[in-house]
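Student: Can you read through this structure? Questions will come right after.
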Amino acid sequence: MKQLLREIIENKLFTTLFQPIFSLSNGDTVGYEALTRGPEESVLYNPVKLFESAKNENLLWEMELSTRSSAIEKFLSLQSDKILFLNVDPDIIRDKKFVKGYTKHLFEKIIKQSNIIFEITEKTAIKDYIEFKEIIKNYKTQGYKIAIDDVGAGYSGLTTISEVRPDYIKIDMSLIRDIDKDNLKKSIVKALVEFANNTNIKLIAEGVETLDELKTLIKLGTPLAQGFLLGKPSKELLVLDDRLKNFIKETKLSLEKTKLTSAFKVQIGTIARRDSGVQCSTLSKDIESIFLGNNRLHGIALLDGEKVVGLITRRNFFTHLGTRYGRELWLEKPVERIMDKNPLVLDYSIPIDQAIKRIANREEDKLYDYVIVEKDKSYFGVVPIITLLEKSMELQLNIAKYSNPLTGLPGNLIIEEKIREFLDKKMPFSLIYFDLNDFKSFNDYYSFERGDRIIKYTANILERHISFYKDAFLGHVGGDDFVAIVGSYDIERLCCNIIEEFDFNIKRFYNKEDVERGYIISTDRDGIKKQFPIVSISIATVNNMEITNYEDMIEKVTAVKKVCKELCKKFKKSYFLTEEKVLIKQEQRTN
């Protein structure tokens, strides 16, 4: 065996393969992991057997140096500027000969240390963390980066992470497998994502094999991934298939939009789990095998062809089998004999908030049963109740996060998303910008507390009037600025009504003597005392009749707002101005 190993090492009879690692933000290639295989059709083809045999024959250091040097040579020959992950056993990386041999080879081949990631594969426990920590620190000062492999399995635990302080953490495939169906795994990976973000460590999910796993990892915020779905180990440097790249981009884009979307907009089908349905004629003994083979499965959709006809829950199924003579009575019979013939079946397009209302109206004993989702009148998937509630809570928290704390109205990010959404629909709408005049002087004169009351008063007026329009939207830009979107070009009556109510009631926020006088005396931005009239409101509007993009719309409404503010100042009263009126005035000046 020793002679065979020496021959393999000296003649480099092994094969180097590269598995790509991709960004889950856009599908770009980030780097490659170098993987070694022994001579083909040899007893040492398997890498585990190859390195274990080398260790047993005291040739591990020679094998490590030879295989890794060969990997670098091969990688350089493929002319890539990406980073390269090299697996290294802890027993080897602590050997001073190892880094000297590597550094010498890297200088000879002109490759930057910063492009090399030592991936520590913990096949054996690290016995002395103090010594190992110093060794890793030494490597880092030379420019190398460190990754910890198989986190979540074997010896790769929190102690290693805290002592080594790696640049990368690789999540073991055991945590990734079926993560879309396992809430505990989701929670673990979510915690790792948050930890990695807080510590500036890059996280890589290993062993991704299905689209559902990939989608779940993107949703959890995992930045990087590798696996057979994305790219198998290859002699060539693979890039991501266009179909998968588009899938990643579309999933990411959908998530960004969803972050700023209410529960009444998100369709239940977007969170459905693509569990396989089973024909209702299937024997109960086969259903038992399915349940026993997957402890996390709490229900199965039953079909007649592609049509949903029922649901069998784990609880209901084993309740029937658990009765006296239950097994004898039911196991050889079709499951349709004991299925729930009236499960909650919803169309893919039903919004989440409506789904929750439908669930709340179910019988108590069915409250936690899966919701079955159909698309085009055919079975699509199931939604566990916990998934539905978590998504609803996530959406509400996101809305709260991006809302103005004083008024509770959506803030700038949501406002932009809504304007773009209306533009994409290509339906008639008007963008209305509201701004209070002389509000700063009121704040300085009366206090911020009374100023906040005016802001809330303004928000209440705007909400009440705008609510009469279907699909209208109101946002709070900040301070005394608000934005509304109304699905109509005919908004003059709306603006006039808002001005009328605002002007009629605004005086109640002033002292009686100031109202009688018609102004207050306060300091301007230059610290000069001046007379300031009662706060008024300026309303500037534009529509999408000739505007097709967000930037142009914002530019136009800003220009109209500027003119409107000047008119308010000139006439000392509230004013409403459309883009058309501004254009007419400009033409009159020209003529």
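Taken together, the values in this text are just the output of simple stated rules run on the coordinates, not laboratory data. Quick caveat: nothing in here was measured; it's all calculated off a predicted structure. Virtual Cβ from ideal backbone geometry, glycine too; neighbours counted across all protein chains shown.
Student: Compare the peptides 19-32, 457-470 by average per-residue count of other Cβ atoms within 10 angstrom and give them in order, highest first.
Tutor: Answer by packing, highest mean first, reads 19-32, 457-470.
Student: Further question: Please compute, for the alpha-carbon atoms of region 166-230, the extent along each of the three principal axes and give them in descending order in Å.
Tutor: Answer, in whole Å and largest first: 29, 23, 18 Å.
Student: Mind checking the full-extension length gain between D241 and D340? Use 0.36 nm per residue of separation minus the Cα-Cα distance, one decimal, nm.
Tutor: Additional length available on full extension: 31.4 nm.
Student: Helix 579-590 versus the longest principal axis of the chain: what is the Cα-based angle in degrees, 0 to 90, to the nearest 10?
Tutor: 60 degrees
Student: Let me have the 222 nm mean residue ellipticity of the chain computed from DSSP H runs of 4+ only, each contributing -39500 (n - 2.57), with the sum over all residues rounded to the nearest 500.
Tutor: -14000 deg cm²/dmol
Student: Right, another one. Antiparallel as a % of all DSSP beta bridges within the chain, to the nearest 5?
Tutor: Within the chain, antiparallel bridges account for around 60 percent of the total.
Student: For V335, what charge total do you get from the other residues with a beta carbon under 10 Å from its beta carbon, if Lys and Arg give +1 and Asp and Glu give -1?
Tutor: With Lys, Arg at +1 and Asp, Glu at -1, the net is 0.
Student: Moving on. Distance between Cα centroids, region 440-499 to region 302-363: provide it in whole Å.
Tutor: Region 440-499 and region 302-363 have Cα centres separated by 50 Å.
Student: For region 433-508, state the average projected area of the convex hull of the C-alpha atoms over all orientations, rounded to one decimal in nm².
Tutor: That works out to 5.0 nm², a quarter of the Cα hull's surface.
Student: Relative to the longest principal axis of the chain, what angle (0 to 90°, nearest 10) does the C-alpha long axis of helix 47-56 take?
Tutor: Tilt of helix 47-56: around 50 degrees.
Student: Moving to a separate point now. Checking the cross-link filter: which lysines have an alpha carbon closer than 16 Å to that of K377, excluding same-chain neighbours under 8 positions apart?
Tutor: The qualifying lysines are K307.
Student: Below 8 Å between Cα atoms, with a sequence gap of 6+, how large is the relative contact order for the chain in percent?
Tutor: Relative contact order of the chain: 9 percent.
Student: Can you give the FRET efficiency to the nearest 0.05 for L13 and L329, using r as the Cβ-Cβ distance and R₀ = 60 Å?
Tutor: In this case the efficiency is close to 0.40.
Student: Can you give the Rg to Rh ratio of the chain, both from alpha-carbon atoms, with Rh computed by the Kirkwood formula?
Tutor: 1.11
Student: How about K530: which lysines have a C-alpha closer than 29 Å to its C-alpha, ignoring those fewer than 8 places off in the same chain?
Tutor: Cross-link targets: K440, K456, K507, K512, K561, K562, K565, K569, K570, K572, K573.
Student: To continue, here is another question. Using only the alpha-carbon atoms, what does region 269-392 span along each of its principal axes? Please give whole angstrom values in decreasing order.
Tutor: 43, 29, 24
Student: Going toward the positive end of the dipole of the chain, with +1 on Lys and Arg Cβ and -1 on Asp and Glu Cβ, which of I499, I372, A272 do you reach last?
Tutor: Checked the options; the winner is I499.
Student: Hey, any idea what the orientation-averaged projected area of the convex hull of region 2-239's Cα atoms comes to, in nm²?
Tutor: Computed as one quarter of the Cα hull surface, the answer is 12.7 nm².
Student: Estimate the FRET efficiency between T270 and T548 by the formula 1/(1 + (r/R0)^6), using the beta-carbon distance for r and 35 Å for R0, to the nearest 0.05.
Tutor: Computed FRET efficiency for T270 and T548 comes out at 0.80.
Student: Could you give the angle, 0 to 90 degrees to the nearest 10, between helix 448-466's Cα long axis and the longest principal axis of the Cα atoms of the chain?
Tutor: 90 degrees
Student: Would you mind checking which residues have amide H under 5 Å from D275's amide H? H placed 1.01 Å from N; only 5 or more apart, or other chain.
Tutor: Correct list: V382.
Student: Turning to a different aspect of this structure: Quickly work out the K190-to-E516 label distance, labels modelled 7 Å from Cα along the C-beta direction, and quote it in nm with one decimal.
Tutor: Calculated label separation equals 6.2 nm.
Student: Pull up the cross-link candidates among the lysines for K265, meaning alpha carbon to alpha carbon under 19 Å and not fewer than 8 places away within one chain.
Tutor: Once the sequence-local lysines are set aside, what remains near K265 is K219, K252, K257, K357, K375, K391, K401, K418, K425, K426, K470.
Student: Follow-up. Label 7 Å along Cα→Cβ of S80; region 201-243 residues with amide nitrogen under 15 Å?
Tutor: 225-228, 230-241
Student: A further question on this structure: What's the local net charge at A54, with K and R +1, D and E -1, over the other residues with C-beta under 9 Å away?
Tutor: Here the charged neighbours net out to -3.
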